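The values are calculated or read from the model by the stated rules, or taken from the named source; none is laboratory data. Because the structure is predicted, anything quoted here is derived from the model rather than measured. Every residue, glycine among them, receives a Cβ derived from its backbone with ideal geometry; neighbour counts consider all protein chains shown. Areas reflect the complete protein model, heavy atoms only, side chains present, ligands, DNA and RNA absent. Shrake-Rupley method; radii C 1.70, N 1.55, O 1.52, S 1.80 Å.
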Amino acid sequence: MKINFDEGLCKISDLEEFDPRDIFTCGQAFRWYEEEDGSFTFVTHGIVANAKKVGDEIILKGVDEKSFEEIFYDYFDLSRDYKLVMEELAQDEVMKDATDYGKGIRILNQDKFETIISFIISANNQIPRIQKAIEKISEMYGDYLGEDENRKYYAFPSAQQLALAKPEDLREFARVGFRDKRIVEASKLIASGEVDIEKISEMDLEDARKELQTLPGVGPKVADCILLFAFDRKESFPVDVWIKRVMEELYLKEVTPKSKIASRGREVFGKNAGFANQYLFYYGRENKLGK
DNA sequence: ACCCAGGGATGTG
DNA sequence: CACATCCATGGG
């Protein structure tokens, strides 16, 4: 991998395992927009940026040397060798197909509070509607970041900001339904320090999962998503309806309870369970497996 | 009209 | 412990 800064752009070369389309549309992140030129504009950590693959080069706009070092190197998980991850995983035909299909995926290290709220919203919901709700919440409660010819941009609100939201407003304008109170209550618990995100980062996996589940709206599946997408616990294996379908159809060959699928996933894929999960989710959902 | 979506909370056995 | 039901909302 080579990094190069010039003309206000950050260019990454010698890195095959990085495709903005795979990274943003694979289901892990919600705050992105596909532009007409095929690039992806995204908002994270209070910064608006744009990623485009041109030939075998990645071009990042809105990323300077400072923010690259402080945020985006970690955000894009650039210290990890995804070629190695895929090699370790692709021991069977299913994972071979799945990693080949999603070979440009990287699992982002996203903002922790934003990920917690985003996946509270995800419960029994659909990805396009989750995206709309999060965008609206950012517009209503987050800091204004600027605009371009396409849209205005807002940071995702802090726990302190979102703790002041009214459930009825979240319901009426962000259309979050029954998740309204959960969002505000979870924000309050985090804003007050009663649930300490930094402490959770230091805990071992099971304690962290338990602590996250003390938040309203966070159960086993949502906790696993939060751990995987924001707390760098790549061995997590969240089981939603798609993973359930894929695992039953391709590995287990019979209908199986979600809790058993989770333990089976961790058992089969081990330290790479989170990567396997994301490749399978992307592969299964995009190809409408089992539907 | 009915079913489903990156499920969780609550109540029951 | 394992299940069953309810929870808003909008699209198929």
* Asked: Within the range A:233-276, which residues are part of a loop (DSSP other than H, G, I, E, B), surrounded by fewer than 15 Cβ atoms within 10 Å (Cβ to Cβ) and either touching a residue at least 60 places away in the same chain (Cβ under 8 Å) or more than 14 Å from DNA strand B (Cβ to nearest atom) (or both)?
  -> A:LYS253, A:GLU254
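Can we say A:ALA186 is over 26 Å from A:ALA159 (Cα atoms), of a type outside the set (Asp, Glu) and either surrounded by fewer than 14 Cβ atoms within 10 Å (Cβ to Cβ) or within 12 Å of DNA strand B (Cβ to nearest atom) (or both)? First the steps, then the outcome.
On the way: over 26 Å from A:ALA159 (Cα atoms): no; of a type outside the set (Asp, Glu): yes; either surrounded by fewer than 14 Cβ atoms within 10 Å (Cβ to Cβ) or within 12 Å of DNA strand B (Cβ to nearest atom) (or both): yes.
Criteria not met by A:ALA186.
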* Only residues that are farther than 14 Å from A:ALA230 by Cβ and among the β-branched types (Val, Ile, Thr): list them for the range A:178-194, please. => A:ILE183, A:VAL184
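So in the range A:163-183, with the set limited to residues that are over 17 Å from A:GLU114 (Cα atoms) and of a type in the set (Lys, Arg), which one is surrounded by the most Cβ atoms within 10 Å (Cβ to Cβ)? Steps first, answer last, please.
Going through the range A:163-183, the residues over 17 Å from A:GLU114 (Cα atoms) turn out to be A:166-169, A:171-173, A:175, A:177-178.
Of the ones still in play, those that are also of a type in the set (Lys, Arg) are A:166, A:171, A:175.
On the way: A:LYS166: 10, A:ARG171: 16, A:ARG175: 14.
In this case the residue turns out to be A:ARG171.
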* To do: Look at A:ILE59 and say whether it is aliphatic (A, V, I, L, M), in a strand (DSSP E or B) and touching a residue at least 40 places away in the same chain (Cβ under 8 Å).
  => yes
* Structure fact -> The condition from (1) part of a helix (DSSP H, G or I); (2) away from DNA strand C (no atom under 16 Å from the Cβ); (3) not polar (S, T, N, Q) that A:GLU185 misses is numbered (2)
* **Residues satisfying the stated conditions in the range A:130-155, i.e. away from DNA strand C (no atom under 16 Å from the Cβ) and basic (Lys, Arg)** => A:ARG151, A:LYS152
* How about the range A:182-237: which of its residues are touching a Gly at 6+ places or on another chain (Cβ under 7 Å) and of a type in the set (Ser, Thr, Tyr)? -> A:SER236
* For residues in the range A:101-129 being open to solvent by 30 Å² or more (accessible area, probe 1.4 Å) and of a type in the set (Lys, Arg), which is nearest to DNA strand C (Cβ to nearest atom)? -> A:ARG129
* From the options A:VAL239, A:VAL218, residue that is under 30 Å from A:HIS45 (Cβ atoms), within 16 Å of DNA strand C (Cβ to nearest atom), in contact with a Ser or Thr (Cβ under 9 Å, 6 or more places away or on another chain) and not hydroxyl-bearing (Ser, Thr, Tyr) -> A:VAL239
* **Test set (1) closer than 22 Å to A:SER138 by Cα; (2) part of a helix (DSSP H, G or I); (3) not hydroxyl-bearing (Ser, Thr, Tyr) - A:ASP207 fails condition number** => (1)
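What helices (runs of 4 or more DSSP H) completely inside the range A:97-181 contain at least 3 residues that are within 16 Å of DNA strand B (Cβ to nearest atom)?
On the way: elements: A:112-121, A:127-141, A:159-162, A:167-174.
So the answer is A:112-121, A:127-141, A:167-174.
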